[in-house]
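This report concerns only the one structure given below.
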Amino acid sequence: GHVQLAQGSAWAELADRQHYTAKPIPAPRGAVVDASVKVLATSRDLVKLEIAPREVRGSEARRLRKALLDVGVEPAIAARVLDAERSWLVVPGRFVAEDVAPITAVRGVYATPVSDRTYSMSSGLRALVGRVDAAGHGADGLELALDSLLRGVTGASNLVRDARGRTLASPTRRGSLAQRGHSITLTINQELQGIAERALSDAVARMHADGGDIVILDPRTGDVLALAGVRDGRFAPSLPTRGGRPPCR
């Protein structure tokens, strides 16, 4: 009676922590597009793989090794799935979910969704847009300045642990879906940006200058149509704004 009545809530809370866990689902960052709606930066959904060799059935181990080789995993890494003495294996790299579907279907393989940022733009515009860090957060440029808009809201999937410590999707506890971040539209035109960068590089080289800057504005609205800066032969990030705002809508 003492265990059930006096200690019951404490034991129930401990059991809940041991049996249930939440797995974060990363939110795709919003896209960055130019004035003509050409995509400059976008996110794609990938997965990272982790394997528990002791949970892989003997008949599937060699098939799993071959499937890992087919998606470009190094032979030395793929061979470790045959080592039953190894309790856990983290597979290097990130993979498209469709490409590794035969792998994730094998018992003992655990896939974690991750978001990967890809860019398609000139080096000068890349310096302006910036980049994200390994965790997917804005590190500099517009990616950092507008991170709160771009990053979205992380979701979560509820998992339940069995007696052997394996995690499975909980059939009774629903998780929360990730919410994609907002996309932003720049006032910059990618084609005009490329022309401006080439003209600036040629002018700096012709004048033997240490660097230079170029800004092209729409005289009717004040919108920044192209923006670049060169220092020591390399494009440098620069964020002049109109009214204290980045060059975007």
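The values are calculated or read from the model by the stated rules, or taken from the named source; none is laboratory data. No experiment lies behind these values; they were computed from the predicted model shown. For neighbour counting, all protein chains shown are included, and Cβ atoms are generated from backbone atoms with ideal geometry for every residue, glycine included. Surface accessibility is based on the protein's heavy atoms, side chains included, excluding ligands, DNA and RNA. Shrake-Rupley method; radii C 1.70, N 1.55, O 1.52, S 1.80 Å.
Any chance segment 9-25 includes a residue that's over 29 Å from the mean Cα position of the chain (by Cα), more than 26 Å from Gly181 (Cβ to Cβ) and part of a loop (DSSP other than H, G, I, E, B)? The answer is no, given that none of the residues of segment 9-25 is over 29 Å from the mean Cα position of the chain (by Cα), more than 26 Å from Gly181 (Cβ to Cβ) and part of a loop (DSSP other than H, G, I, E, B). Output yes when any residue across segment 130-141 is farther than 30 Å from Thr187 by Cα, modelled with pLDDT of 90 or more and buried (at least 17 other Cβ atoms within 10 Å of the Cβ), and no when none is. No: zero hits. Cβ-Cβ under 8 Å, sequence separation 6+ or interchain: first residue in segment 198-215 and small (Gly, Ala, Ser), partner part of a strand (DSSP E or B) and open to solvent by 50 Å² or more (accessible area, probe 1.4 Å). Which pairs? From residues that are small (Gly, Ala, Ser), the pairs are Gly211/Arg231. Among the residues of this structure, Arg86 counts as one that is over 25 Å from Arg151 (Cβ atoms) and open to solvent by 60 Å² or more (accessible area, probe 1.4 Å).
For segment 174-211, name all the residues that are open to solvent by less than 90 Å² (accessible area, probe 1.4 Å), of a type in the set (A, V, I, L, M, F, W, C) and in a helix (DSSP H, G or I).
Within segment 174-211, Leu192, Ala196, Ala199, Leu200, Ala203, Val204, Ala205 meet the criteria.
The rows are residues; the columns are (1) within 27 Å of Leu146 (Cβ to Cβ); (2) open to solvent by 70 Å² or more (accessible area, probe 1.4 Å); (3) in contact (Cβ under 8 Å) with a residue 12 or more places away in the chain; (4) not in a strand (DSSP E or B).
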site: Gly30; (1), (2), (3), (4): yes, no, yes, yes
site: Ala35; (1), (2), (3), (4): yes, no, yes, yes
site: Leu68; (1), (2), (3), (4): no, no, yes, yes
site: Ala78; (1), (2), (3), (4): no, no, yes, yes
site: Val81; (1), (2), (3), (4): no, no, yes, yes
site: Ser115; (1), (2), (3), (4): yes, no, yes, no
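Selection of segment 178-204 for residues being of a type in the set (A, V, I, L, M), in contact with a Cys (Cβ under 8 Å, 6 or more places away or on another chain) and more than 16 Å from Leu217 (Cβ to Cβ) yields only Ile184. The residue that is farthest from Tyr110 (Cα to Cα), among those in segment 40-66 that are part of a strand (DSSP E or B) and of a type outside the set (A, V, I, L, M, F, W, C), is Thr42. For segment 89-101, a residue qualifies if it is open to solvent by 70 Å² or more (accessible area, probe 1.4 Å) and at pLDDT 90 or above, and the qualifying residues are Val90, Pro92.
Among residues of segment 83-113 being in contact with a helix residue (DSSP H, G or I) (Cβ under 7 Å, 6 or more places away or on another chain) and either free of Cβ contacts under 8 Å to residues at least 24 places away in the same chain or hydroxyl-bearing (Ser, Thr, Tyr) (or both), the one that is farthest from Glu143 (Cα to Cα) is Ser87.
Can you name the residue in segment 37-57 that is among the β-branched types (Val, Ile, Thr) and at pLDDT 90 or above and is also most open to solvent (accessible area, probe 1.4 Å) among such residues? Top of the filtered list is Val37. Scanning segment 68-98 for residues that are of a type in the set (A, V, I, L, M, F, W, C) and within 30 Å of Arg29 (Cβ to Cβ) gives Leu68, Val71, Val73, Ile77, Trp88, Leu89, Val90, Val91, Phe95, Val96, Ala97.
With respect to being in contact with a strand residue (DSSP E or B) (Cβ under 7 Å, 6 or more places away or on another chain), surrounded by 13 or more Cβ atoms within 10 Å (Cβ to Cβ) and under 13 Å from Gly108 (Cα atoms), Pro26 falls outside the description.
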